[in-house]
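Structure, as structure tokens:
Any read-out appearing in this document is the output of simple, stated calculations on the displayed coordinates, not a laboratory observation. Treat the numbers as computed from the prediction; the structure is a model and nothing was measured. Every residue, glycine among them, receives a Cβ derived from its backbone with ideal geometry; neighbour counts consider all protein chains shown.
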Amino acid sequence: MFCGMQEARTDRAARDVGLRKLVVYRETVVTEGGSTPAVPAQQASVAAVIRNPWVGTDPTTDLAAETRRIAPVLATLVTDRLLDVLGGVEAIEAFGKGAIVGTAGEIEHGGALIHTPFFGNLMREFLDGESIICFADARAEAGDPLMVPLWHKTAAATRSHYQTVSTRVSDAPRADEIVVVAAASTGPRPHPRIGDRRTDPLVTSSNVEVVLS
Amino acid sequence: MNVRKIVTIVEEIHEEGGRQVTPAARVAIVAAVIENPWAGQGFVEDLAPGIDANASDLGKLLAPAVLEALGEPAEAYGKAAIVGLDGEVEHGSALIHTLKFGDHFRSAANGTTLLPAVEKRGPAGIVFDIPLKHITDATIRSHHQTIEVRVADAPHPGEIVVALAAAAQGRPQQRLAALSTEQ
């Protein structure tokens with residue numbers, strides 16, 4: 001989960017975007033419900049804690065310039081780490097992203113950092129995906145967990161890959177910080193068995209008895 | 001030993017107190033969520049067979065994993081056992097407070113001191129702090145530190161979370177006078 005070149009790159013990024021902390025979290029399911037998954041998967045999240053560059057500005061402030069400066073650095077930083085902990089781009093099958101804005105900021109500030117091409121397009125490119133990247137955002141106190149949703153990186157409607165990963169940084173975000181999260185999984189849920197669009201029956205209010213009774 | 005999941009966490013601090021930390025301060029944790037070996041057995045007087053069956057295997061699993069996650073030599077270390085609500089804290093202590101468990105980490109990290117520990121009981125998603133101290137001299141103040149951990153869905157009532165933590169350095173902006181200056 002570490003190498004020298006990555007360290008130098010991270011140190012530069014830290015200076016450029018006001019990075020305070022980086023938290024890498026990975027879960028490997030060994031058994032679930034008492035049995036080993038047919039397709040064992042790992043989930044990971046990478047959370048970067050940065051200063052909110054817009055604290056103290058009002059809602060008429062144009063966010064574009066700082067977004068262009070900061071979001072690509074963040075996208076590179078967090079996807080680098082995801083690739084590193086999950087074993088590379090081929091291994092990653094599902095992805096998601098998130099932002100937790102400290103209480104002195106606007107949700108819009110988090111959105112600026114994760115919802116524009118300066119983050120999303122780069123994350124999609126680095127993880128070799130095609131789907132829109134699903135997300136969660138919140139304004140919250142330090143230590144509040146955020147559930148980040150994931151779905152398949154090239155076929156978002158693949159139901160087996162609908163999953164979430166819980167992210168939390170113990171002492172962030174401070175009121176004037178933003179936590180930006182990239183998350184991914186190497187496979188489906190441990191025991192997926194709820195079908196898919198291809199196998200679903202046609203369900204409408206006229207043919208589902210429970211709705212009518 | 002029935003393992004449900006393995007969690008790996010690495011924290012890097014790049015700035016503390018408004019100043020850069022270069023290189024970043026790194027702490028790694030690896031936690032195994034396992035079935036409580038004594039679950040459903042009522043009060044078990046003799047824990048030794050369960051310890052013999054699990055403690056060494058756990059140490060062997062976690063020690064190399066946490067050092068690999070850290071990616072650097074460990075200078076401080078610590079451990080944790082968080083018991084699900086149906087178990088006794090004694091069950092967690094049994095798994096981590098024997099040489100069978102701890103020696104794997106001490107030997108892999110070239111450490112000599114006892115591993116500071118947290119043992120507690122709680123629900124899934126409980127937040128716990130792992131204390132860390134220097135691996136060869138527990139009086140070295142710069143290395144007294146704590147790392148906070150949470151696994152969202154563990155421990156279940158019949159599970160135990162067993163974790164090791166390793167730090168590559170002391171606190172990010174450590175600047176306390178050594179104990180010897182007061183003696």
Chain A, dipole about Cα centre (Lys/Arg Cβ +1, Asp/Glu Cβ -1), debye to the nearest 20: 280 debye
Name the most mobile residue of A:E27, A:E106, A:E93, meaning the one with the largest mean-square fluctuation, in a Gaussian network model of chain A with Cα contacts below 10 Å. A:E27
How large is the charge dipole for region B:3-182, taken about the Cα centre, if only the Cβ atoms of Lys, Arg (+1) and Asp, Glu (-1) carry charge, to the nearest 20 debye? 440 debye
What helices in chain B pass both tests, a Cα length along the helix axis of 24 Å or more and a mean Kyte hydropathy of 0.0 or higher, using whole DSSP H runs? B:48-70
Ascending count of other beta-carbon atoms within 10 Å, so fewest first, for B:I135, A:I194, B:I82: A:I194, B:I135, B:I82
Positive end of the charge dipole of chain B (Lys, Arg +1 and Asp, Glu -1 on Cβ, about the Cα centre): tell me which of B:Q41, B:V162, B:I140 has its Cα farthest that way. B:I140
Please check: in the Gaussian network model of chain A (C-alpha springs, under 10 Å), which one of A:A99, A:A184, A:A38 has the largest mean-square fluctuation. A:A38
Of B:V89, B:V44, B:V66, which is the most mobile in a GNM of chain B whose springs link Cα atoms less than 10 angstrom apart? B:V44
Ellipsoid semi-axes in whole angstrom, largest first, where each is sqrt(5λ) of the Cα gyration tensor of the protein assembly as shown: 35, 31, 18
Hydrophobic long helices for chain A, i.e. whole DSSP H runs reaching 18 angstrom or more by Cα along the axis with Kyte-Doolittle mean at least 0.5, come out as A:64-86
Taking the protein assembly as shown and counting helices only, DSSP H stretches of n ≥ 4 at -39,500 (n - 2.57) each over all residues, the nearest-500 ellipticity at 222 nm comes to -7500 deg cm²/dmol
Give the span of chain A's Cα atoms along each principal axis, as three whole-Å numbers ordered largest to smallest. 56, 43, 30
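Of the DSSP beta bridges with both residues in region B:68-152, give the percent that are antiparallel, rounding to the nearest 5.
So the antiparallel bridges amount to about 60 percent of the total.
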Beta bridge orientation in region B:3-182: antiparallel %, DSSP, nearest 5: 90 percent
Gyration tensor (Cα) of region B:3-182, equivalent ellipsoid semi-axes in angstrom: 29, 17, 14
Part-to-part distance (alpha-carbon centres) for region A:14-81 and region B:20-93, which is given in Å: 27 Å
In peptide B:1-7, how many Cβ atoms from other protein chains are near each Cβ within 10 Å, on average? 5
All lysines inside 28 Å of B:K120 as judged from Cα atoms, apart from same-chain residues fewer than 8 positions distant: A:K21, B:K5, B:K60, B:K79, B:K100, B:K133
Ranked B:L115, A:L19, B:L47, criterion: other C-beta atoms within 10 Å, fewest first: B:L47, B:L115, A:L19
